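The values are calculated or read from the model by the stated rules, or taken from the named source; none is laboratory data. Every value quoted in this text rests on a predicted model; they were computed, and no experiment measured them. Positions of Cβ are generated from backbone atoms using ideal geometry, with glycine treated the same way; all protein chains shown enter the neighbour counts. What goes into the accessible areas is simple: the full protein's heavy atoms, side chains included, and nothing from ligands, DNA or RNA. Shrake-Rupley method; radii C 1.70, N 1.55, O 1.52, S 1.80 Å.
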Amino acid sequence: MTTALLEPGRRERKKQALRDAIRQETLALIAVHGIEGATIDAICDGADIARKTFYNYYASKHDLLIDICEAVLMARLEGTIEEVLAKPRPLAEQWDEIFGAIAERNRAAGELEKGLIEFMVSNLAANPAEGAGQLTSMNQAFLRLYERHLDELRPGLTPDFCAEMTVGMSNAVTLNWLHRENYDAEQRYRQLSDFLKASMLDVTPLEETTP
């Protein structure tokens, strides 16, 4: 009885371990050969699996790359926002920390991470259904930030609107960083933080709101 109860958990752990091995081998190949050079055959050879086994986990290399982007990049954004929210401070300060972390990520990004970022951002436009899912994940991450600071937003602004606008502007900076040589993304993120403070924060003088 005990063995039967444990078997599903053991099976799931084995499947997860193999999925992780496929991801890690793909990342290693991308680091050396780029995304185009990370072929399914090379991934299978490195992970020591048959192509049939690969297709048990992913319908295509594209699906694998989306999974990696969500596991690496989206998890990092969500983690950054959660870390910021864990330290209660005004929204203005939390913007500075979030965009500072994103700027630092870009500054430290090697070809591997930059390739993943470019793939994910390009996929937003090329594949509307998948792109919508990625945008939803980004929006949800920032939505938690704005819901926590609802009382600091200008009257009439909603957390979901603020999240959507923030994601759109942040993605625009990322696109320029990817495709424009010598683009100062760090400065742009500072300017974006200042713009959000000026356009979204409720700056009504206290005496005007006091009866």
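Run residue 76 past the list (1) in contact with a helix residue (DSSP H, G or I) (Cβ under 8 Å, 6 or more places away or on another chain); (2) open to solvent by less than 60 Å² (accessible area, probe 1.4 Å) and report the number of the one that doesn't hold.
Condition not satisfied by residue 76: (2).
For residue 5, state whether it is farther than 21 Å from residue 115 by Cβ and either polar (S, T, N, Q) or modelled with pLDDT under 85 (or both).
yes
Let me confirm something: among 81, 43, 68, which residue is within 20 Å of residue 173 (Cβ to Cβ), open to solvent by less than 30 Å² (accessible area, probe 1.4 Å) and part of a helix (DSSP H, G or I)?
Unique residue meeting the criteria: 81.
Report, by residue number, each residue of segment 159-181 that is modelled with pLDDT under 90 and charged (D, E, K, R).
Hits for segment 159-181 are 180, 181.
Check residue 122 against each of (1) modelled with pLDDT of 80 or more; (2) exposed (fewer than 14 other Cβ atoms within 10 Å of the Cβ); (3) of a type in the set (Gly, Ala, Ser); (4) outside any loop (DSSP other than H, G, I, E, B) and name the one condition it does not meet.
(1)
Take residue 116 and decide whether it is modelled with pLDDT under 95, part of a helix (DSSP H, G or I), over 21 Å from residue 81 (Cα atoms) and among the aliphatic types (A, V, I, L, M).
no
Output the number of residues of segment 167-195 satisfying the condition of being of a type in the set (A, V, I, L, M, F, W, C), open to solvent by less than 50 Å² (accessible area, probe 1.4 Å), in contact (Cβ under 8 Å) with a residue 40 or more places away in the chain and closer than 14 Å to residue 122 by Cα.
Here the count works out to 2.
Working carefully through the options 92, 21, find the one that is free of Cβ contacts under 8 Å to residues at least 40 places away in the same chain and open to solvent by less than 50 Å² (accessible area, probe 1.4 Å).
Testing whether each residue is free of Cβ contacts under 8 Å to residues at least 40 places away in the same chain and open to solvent by less than 50 Å² (accessible area, probe 1.4 Å) leaves just 21.
What pairs come up if the first residue lies in segment 102-116 and is over 14 Å from residue 173 (Cα atoms), the second is assigned to a helix (DSSP H, G or I) and open to solvent by 40 Å² or more (accessible area, probe 1.4 Å), and their beta carbons are under 8 Å apart, counting only those six or more places apart or on different chains?
Close Cβ pairs satisfying both conditions: 110/31; 111/31; 112/31; 113/72; 113/105; 116/72.
Would you please name the residue that is surrounded by the most Cβ atoms within 10 Å (Cβ to Cβ), looking only at residues in segment 129-166 that are outside any helix (DSSP H, G or I) and not hydrophobic (A, V, I, L, M, F, W, C)?
If we take residues in segment 129-166 being outside any helix (DSSP H, G or I) and not hydrophobic (A, V, I, L, M, F, W, C), then 149 is surrounded by the most Cβ atoms within 10 Å (Cβ to Cβ).
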